[in-house]
Every structure is written in C-alpha cells, then in structure tokens.
Amino acid sequence: GGVASPQFWVDHVRQPVRFHDDLAALSARGVTAWLELGPDATLTALAQHAVEGAGGHVHAAAMRARHDEPATLITALATLWAHGTPVNWATLFTSWNAHPTTTLPTLPTYPFQHERFWPTAPVTLPGTGAEPGGHGQPAAGPGCYAATWRNVADTAAGQLSGRWLVVATEAGRRGEQDRVTQITQALTGCGATVHELTVTVPADPADPGWLTGLLRTVPQAGGLAGVVSLAALQDQEAAPGRALPDGLAINLLLLHALKDIDAPLWCVTSAAVAVTAADRIQSPLAAQTWGLGRVAALELGNRWGGLVDLPARLDSRALSRLSMALSGLPAGPGHEDQIAIRTSGLFARRMDRTAEPAADPWRPAPGTVLITGGTGALGGQLARWLAAAGAEHLLLVSRGGPDSPGSARLTEELRGLGTEVSVVACDISDRDALACVIDAIPADRPLRTVAHLAGTTDDGVLDKLTPSRFGRVLTAKAEGARHLDELTRERCGELADFVLFSSLAGFLGNAGQANYAAANAYLDALAERRRADGLPALSVAWGPWAGAGLASPKDGRHTNGIAALTAEEAVTVLGRLLGSGRRGAVAVADVDWSEFAPHFTAVRPSPLLTGLIAVVEETAGARDTDGSALALEFAETAGDPERLDLVLQTVRAEAAAVLGHASTDRIVTDRGFLELGFDSLAAVNLRNRLSALTGLSLPATLLFDYPS
C-alpha cells in the first residue's frame with residue numbers, strides 16, 4: 001500500500017530498494033506474469049534472473065530502447081495473453097477502428113478436436129523485421145535475412161519402428177531430472193526398440209577409435225533405424241581451458257564413427273535456439289552443435305537426420321513431439337531437419353528475407369570502440385569506416401598488436417582521419433589478459449562499442465576434421481566472444497553497441513566449414529541471448545567480403561551463386577542495422593537464389609529455403625522426374641477402381657498439404673478447388689507437387705481445367 005505514497009519514493013531514493021526481495025515475495029504468492037512499464041527492459045532482465053529457478057514464469061516489457069513502440073507493446077501483451085493473462089483486446093484496438101475477422105472457418109464446439117485452425121505464419125523475433133518469404137527472385141544486391149520459425153501441425157503422435165540407438169553422457173544424466181531416461185522411455189512408448197550407450201569423453205578425444213569400439217558393442221542384427229545423440233544436452237557451461245565442449249566433440253566423432261552404419265544421426269539440444277520473443281537461449285554452447293549439423297546436412301546426405309531443440313523443462317507433450325520429429329515431419333521438398341519443440345507447439349526453421357532497415361546515419365557513441373582482430377584486413381576496413389563516422393578512440397586488439405603486418409601504416413591512416421588510435425597485443429581467448437585490456441581503458445573515454453572480428457579458419461570435410469581442428473577455430477571466435485560478453489556485463493554499464501561478425505556458414509551451412517560454422521552459430525546464439533536479456537547485441541552472419549585477406553573470387557562471384565560484398569556495400573548495410581536498433585542475429589549476403597539453390601540442395605532437399613523462392617521446391621522435386629515410387633505402386637495396383645482410388649488419395653493428400661490441413665478429411669471430392677480455398681498461387685503449387693510425384697508434364701491451368 002505504501003507504493004502510492006510520496007514517502008515511499010523518498011525512501012526509494014535514500015534506502016536500499018530491495019527489488020529482489022519484492023520479486024521473491026510476489027513469486028511466493030503465486031505471481032508468474034511480469035510486465036515492465038518503463039523506457040527499456042532492464043528490470044525485465046533482472047526479474048528473469050531473480051526467479052530463474054521457478055518454472056512457468058513469463059516476462060515482458062512494454063517498451064524497449066530503439067525498438068518500434070507499437071510493435072513492442074503488442075508483443076508484450078500478446079506474450080502475456082498467450083500465457084494466460086487476460087487482455088482486453090477490444091479496448092486496445094478501439095482507437096484503430098479494428099474489428100474481428102469474419103473469414104475464419106467454424107471453430108470446434110467441443111474439446112479435444114486436435115486440428116489447427118490458426119494460420120501458421122512465421123514467428124518473428126522483435127527487432128529482426130523478418131517477413132514471410134516471397135515467390136520469385138528477390139532483387140539483386142546485398143540482402144538481409146533472418147531465421148524464422150513456422151509452426152508445424154502435430155495432430156498425430158509420432159510412431160517409431162525398428163532399433164534406435166540413444167547416445168548419452170554420464171554428465172547428461174545429472175541434475176534434477178534424468179532427461180536421458182525420460183527420452184528413452186518416450187521413444188520406447190512410441191514403438192522403438194531402444195539401446196542406450198553412455199560415453200565419457202577421454203582427456204584426448206582426437207582418436208575416434210574409442211567411440212568406434214563402443215559402437216561395436218551395440219547389437220547390429222537387423223540394422224539401426226536411427227541414432228539419437230543427447231550428448232549436447234550437457235553443453236551448458238564452458239569448461240575452463242577447453243574451447244571444445246564435450247557434447248560437440250562426441251557429435252563430431254559420431255559422424256565419423258557412423259560412416260559404416262546405414263542410419264541417420266539426430267542431435268538433440270536444449271534451449272539452444274530462440275523461437276519466440278519470450279524464448280531465452282540458455283546455452284549458446286549447445287548452438288555449436290547446430291552449426292555442425294547444418295554442414296553435416298550438406299555433406300553427408302542420408303547419414304544425417306537432423307537437429308531437435310527441446311524446451312528447458314520436459315513434459316509428456318514435448319516428449320511426444322520429439323517422437324514426431326524423429327519419425328520424419330514432411331515438408332515441401334523434404335523432411336524437416338531443423339526443429340524446435342516448445343510448450344506452444346512444434347516449430348521448423350526457415351530462412352526469410354527481411355526489409356533492409358531505413359535509418360538515420362549511425363554514429364559510434366562517444367568514447368572507445370574496441371575491435372578484436374583490429375589489425376587484420378577486415379578489421380582495418382571496419383576501423384576506417386568507424387573513423388570516418390566520427391569514432392573518438394579506436395582500440396585495435398590482435399595477437400600481434402603493434403607488430404602485426406601493416407599495423408603502423410593503418411594507425412597513421414586512422415589518425416589522419418582525426419581519430420585517436422591505440423593498438424594492443426592480446427590473445428582474447430585468455431580471459432584475464434582481455435580483462436586487463438578492458439580495465440586499462442581511460443575513464444574519460446569509456447568503452448561504448450565492441451566489434452568482435454577475430455577468428456581463424458581451418459577448412460576441411462567432416463570426415464577429416466578432428467576435435468583439435470575444431471578447438472583451434474572455436475578458441476578465437478567463440479571463446480573470445482564469450483569473454484567479451486562476460487567482461488562487458490561486469491564492467492561496462494554504458495555499452496551502446498555490441499557487434500559480432502559472424503558468417504553465413506553458421507547461419508545457413510557451408511560444406512567444408514563445419515568447425516567455422518559451429519563457432520559462428522555460437523555468436524548468433526550469444527547475440528540472441530543478450531537480446532533477451534535487454535543488452536545491446538547484433539550478430540551479422542556475413543556472406544564473403546571482397547578484399548585482401550578475405551574471400552576474393554577472381555570474377556567477383558562464387559560458383560555457388562553468392563557474390564562477394566564490397567566493403568562499401570557491407571558497411572552501408574551495417575550502419576543501417578545499427579542505426580535502426582536491430583538486435584539479435586541477421587544474415588547479410590548477395591545471393592542469386594536460382595543459382596545457389598541447386599548447389600545447396602545437391603545432396604539432400606532443404607526445407608530451410610522454401611520461404612525464399614519457389615524454384616527451390618521445384619528443383620528439389622525435379623530429382624525424381626519419372627515419379628518412380630508412385631508409378632510402381634500404380635502398376636502393382638490391380639483393377640481400375642483401386643487405381644482410381646490411389647490417384648484420388650494422392651491428389652487429396654497433396655491438396656491438403658498445399659492448404660495446410662493436417663489430414664485429407666477437409667478435401668471433399670465433390671467441391672471445387674476454388675471453394676476449398678485455392679487461389680492462383682496455390683493452384684500452381686499443387687500442379688508442381690503433382691508433376692514432381694508423377695513425372696508428368698501438367699499444365700499450369702490444371703485446376704481450372706478440372707475444377708474438382
């Protein structure tokens with residue numbers, strides 16, 4: 001009651017606030033929904049940490065610095081409403097003259113009718129500006145892309161068959177609940193015969209022979225239907241002095257050891273990806289397995305199953321959805337292989353183009369800008385741009401420091417632009433050494449901007465990449481980013497911008513760069529976690545830059561359809577991203593998708609790209625142009641009535657898939673396609689799917705020529 005009195009606020013200034021005690025008291029009384037009213041999300045981040053141990057809590061902020069105000073408010077209210085807090089939507093929308101839609105189908109009048117009636121639009125994180133992908137080719141030139149998550153219907157329980165191997169670690173069985181046992185019991189309950197294999201990573205895991213020997217103990221009679229690795233569940237906290245997490249090491253070695261076993265590998269993580277605005281990544285380390293998996297899909301084909309991320313807390317519904325994911329969720333050109341399971345549903349990852357932000361020219365905040373890898377080719381280009389943008393003090397950090405080739409010339413050039421420059425030698429994988437560098441920044445020029453560019457590559461196909469080669473790449477890129485995150489949280493309360501230079505290899509995948517992809521996937525996840533915590537963070541997954549020391553194809557274009565960005569193009573987009581207040585992870589690249597898609601899907605179809613251009617789906621479907629499977633089934637079906645029924649069921653199934661129905665029940669045979677909800681685009685989509693299945697050349701007007 002005292003909160004409403006003037007004296008309370010006088011005391012608030014002069015005495016301890018006891019914010020944590022108030023949160024704990026409210027939580028003890030059953031409060032689970034928290035809404036911050038203020039100019040930013042600072043208290044929301046604090047509240048999340050204060051009640052982190054209690055499950056079922058939802059946190060939202062009505063405003064966030066440098067975020068669109070209406071979108072932030074609507075997102076906050078929607079988040080609360082989706083978790084059970086009543087919201088008077090009619091009052092909210094009155095001033096906008098909004099009204100309920102009248103185009104939704106009749107909703108079920110009784111419970112337990114397990115059919116979705118809601119649109120399955122992509123879930124977009126605030127500040128990313130992601131839009132559903134269009135059909136046809138995007139405009140040429142650099143484009144911005146974001147990861148979105150599309151809800152996948154999960155009306156039927158996944159049924160498994162055959163023998164499945166579950167690989168876990170002893171550390172993964174620790175904690176308040178034994179997830180390994182929960183998962184194996186759930187898979188058994190869905191029809192699988194499960195064999196468990198518990199492994200411990202040796203001190204030197206470079207030789208995969210120890211894992212191959214363990215796999216020989218698994219009964220091989222009848223073969224395996226699949227392998228599920230739970231190793232990455234233990235990748236929660238970084239081990240001191242070890243850049244390569246044990247779970248990631250096991251997953252890499254499993255890919256080596258399973259090359260003689262005809263079974264796909266599925267890797268399971270927990271809270272390693274962010275699906276919604278309320279989703280906080282708890283383990284960026286586990287996201288490294290996602291980088292590994294995206295490359296495995298490109299290199300290994302049938303040896304790779306996919307990636308599944310579980311919620312922080314497992315329940316029976318989440319376990320059922322895991323079985324569904326492993327049983328093979330259908331997607332346009334192939335099975336879903338990047339899946340997140342949450343209490344609100346089952347989601348599949350997509351890559352969609354976003355509108356490039358329009359913003360006023362960005363200027364670095366007064367103070368110090370720290371650039372790791374600052375004396376390298378890329379660091380030099382960024383430093384020149386920052387100097388021209390008015391940076392007060394540039395702190396260039398690299399292993400060689402002043403002794404790096406070209407360092408003296410770069411320093412002279414930057415000072416000529418009117419910027420104060422300091423060049424320091426530091427191995428940023430050494431946390432104590434980096435802390436000394438940050439602590440030495442003058443108080444009158446506090447650290448305001450961080451740009452992490454340091455990194456190294458050690459490319460090679462997966463079968464040749466050893467744990468030590470992974471460790472070398474992870475050390476500079478991922479370890480350095482982790483130390484910057486931790487140290488700036490502790491020391492730099494006035495930090496304005498925290499920029500991570502990531503790579504398209506981690507965001508999308510790139511054959512031959514699994515270790516580099518893992519490191520950059522960590523950077524993207526770290527930025528998403530900082531975003532959820534209300535901290536500045538932007539991770540840009542760049543396509544190749546043109547220039548010395550960087551990717552520089554002879555003709556300016558890669559054979560896979562990705563053009564190298566000029567430095568001017570790249571920093572222009574970066575300035576707009578920073579000026580617009582964009583946070584989280586975004587990809588920037590110049591891609592000719594019609595040329596890139598056939599290369600990217602050469603080994604296996606990729607649902608990831610289906611939101612970008614229709615040609616991706618057509619290309620994937622064109623691989624089996626003779627429609628051999630359907631043709632064989634048709635030939636083996638005796639009698640015209642049975643054949644007609646087979647064709648009818650095929651058309652109904654494909655029509656249901658195009659319209660997003662979970663089953664064929666809603667595709668009534670005596671109703672016209674237009675009555676069922678087909679438009680011109682849907683009609684062409686169905687024609688394409690039927691052409692791919694049958695191998696027939698069907699006209700674009702098929703559904704109009706034969707309208708039912």
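The values are calculated or read from the model by the stated rules, or taken from the named source; none is laboratory data. Just so you know, these numbers come straight off a predicted model, no measurement behind them. Using ideal geometry, Cβ is built from the backbone for each residue, glycine included, and neighbour counts are taken over all protein chains shown. SASA here: full protein model, heavy atoms, side chains in, ligands and nucleic acids out. Shrake-Rupley method; radii C 1.70, N 1.55, O 1.52, S 1.80 Å.
Can you tell me which residue in segment 351-372 is farthest from Trp593 (Cα to Cα), limited to those that are of a type outside the set (A, V, I, L, M, F, W, C) and open to solvent by less than 20 Å² (accessible area, probe 1.4 Å)?
Of all residues in segment 351-372, those of a type outside the set (A, V, I, L, M, F, W, C) come to 352-354, 356-357, 360-361, 363-364, 366-368, 372.
With open to solvent by less than 20 Å² (accessible area, probe 1.4 Å) added as a condition, the list becomes 352, 354, 357, 364, 367-368, 372.
Numbers: Asp352: 12, Thr354: 15, Pro357: 21, Pro364: 34, Gly367: 41, Thr368: 40, Thr372: 33 Å.
Only one residue tops the list, namely Gly367.
Residues are listed down the side, and each one gets a yes or a no for (1) among the small types (Gly, Ala, Ser); (2) at pLDDT below 95:
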{"site": "Asp497", "(1), (2)": "no, no"}
{"site": "Ala519", "(1), (2)": "yes, no"}
{"site": "Arg531", "(1), (2)": "no, yes"}
{"site": "Leu550", "(1), (2)": "no, yes"}
{"site": "Gly561", "(1), (2)": "yes, yes"}
{"site": "Glu569", "(1), (2)": "no, yes"}
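One residue is enough: does segment 457-474 have a residue meeting the conditions open to solvent by less than 40 Å² (accessible area, probe 1.4 Å), out of contact with any Asp or Glu (no Cβ under 6 Å at 6 or more places or on another chain) and closer than 20 Å to Leu382 by Cβ?
No, segment 457-474 contains no residue that is open to solvent by less than 40 Å² (accessible area, probe 1.4 Å), out of contact with any Asp or Glu (no Cβ under 6 Å at 6 or more places or on another chain) and closer than 20 Å to Leu382 by Cβ.
Out of all the residues in segment 34-52, which are within 12 Å of Arg64 (Cα to Cα), open to solvent by 30 Å² or more (accessible area, probe 1.4 Å), of a type outside the set (S, T, N, Q) and modelled with pLDDT under 90?
Pro39, Asp40, Leu43
Given the criteria open to solvent by less than 20 Å² (accessible area, probe 1.4 Å), of a type in the set (A, V, I, L, M) and more than 23 Å from Gly223 (Cα to Cα), does Leu265 qualify? Quick ask: steps written out before the conclusion?
Details: open to solvent by less than 20 Å² (accessible area, probe 1.4 Å): yes; of a type in the set (A, V, I, L, M): yes; more than 23 Å from Gly223 (Cα to Cα): no.
Criteria not met by Leu265.
Filter segment 378-412 down to the residues that are among the hydroxyl-bearing types (Ser, Thr, Tyr) and in a helix (DSSP H, G or I), then identify the one that is farthest from Gly480 (Cα to Cα).
Residues of segment 378-412 that are among the hydroxyl-bearing types (Ser, Thr, Tyr), as a first pass: 398, 404, 407, 411.
Subset that is in a helix (DSSP H, G or I): 407, 411.
Working: Ser407: 21, Thr411: 23 Å.
Among them, the one singled out is Thr411.
Yes/no per residue for (1) modelled with pLDDT under 90; (2) open to solvent by less than 20 Å² (accessible area, probe 1.4 Å); (3) out of contact with any strand residue (DSSP E or B) (no Cβ under 6 Å at 6 or more places or on another chain):
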| residue | (1), (2), (3) |
| --- | --- |
| Gly143 | no, yes, no |
| Gln159 | yes, no, yes |
| Gln182 | no, no, yes |
| Val201 | yes, no, yes |
| Asp204 | yes, no, yes |
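So Leu612 ticks every box in (1) modelled with pLDDT of 80 or more; (2) in a helix (DSSP H, G or I); (3) within 30 Å of Val295 (Cβ to Cβ); (4) of a type outside the set (Asp, Glu) but one. Which box is left unticked?
Result: Leu612 fails condition (2) only.
Taking the stated definitions as given, is Thr375 of a type in the set (S, T, N, Q), assigned to a loop (DSSP other than H, G, I, E, B) and closer than 30 Å to Leu258 by Cα? Steps first, please.
On the way: of a type in the set (S, T, N, Q): yes; assigned to a loop (DSSP other than H, G, I, E, B): yes; closer than 30 Å to Leu258 by Cα: no.
Answer is no for this residue.
Matching residues to (1) over 26 Å from Arg342 (Cβ atoms); (2) touching a residue at least 24 places away in the same chain (Cβ under 8 Å); (3) over 27 Å from the mean Cα position of the chain (by Cα):
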{"site": "Thr217", "(1), (2), (3)": "yes, no, yes"}
{"site": "Glu237", "(1), (2), (3)": "no, yes, no"}
{"site": "Leu244", "(1), (2), (3)": "yes, yes, no"}
{"site": "Leu248", "(1), (2), (3)": "no, yes, no"}
{"site": "Thr269", "(1), (2), (3)": "no, yes, no"}
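For segment 523-544, enumerate the residues that are in a helix (DSSP H, G or I) and open to solvent by less than 10 Å² (accessible area, probe 1.4 Å).
Within segment 523-544, Leu523, Ala525, Leu526, Ala527, Arg530, Arg531 qualify.
Looking only at residues in segment 580-604 that are modelled with pLDDT under 90 and of a type in the set (Asp, Glu), which one is farthest from Ser502 (Cα to Cα)?
Glu595
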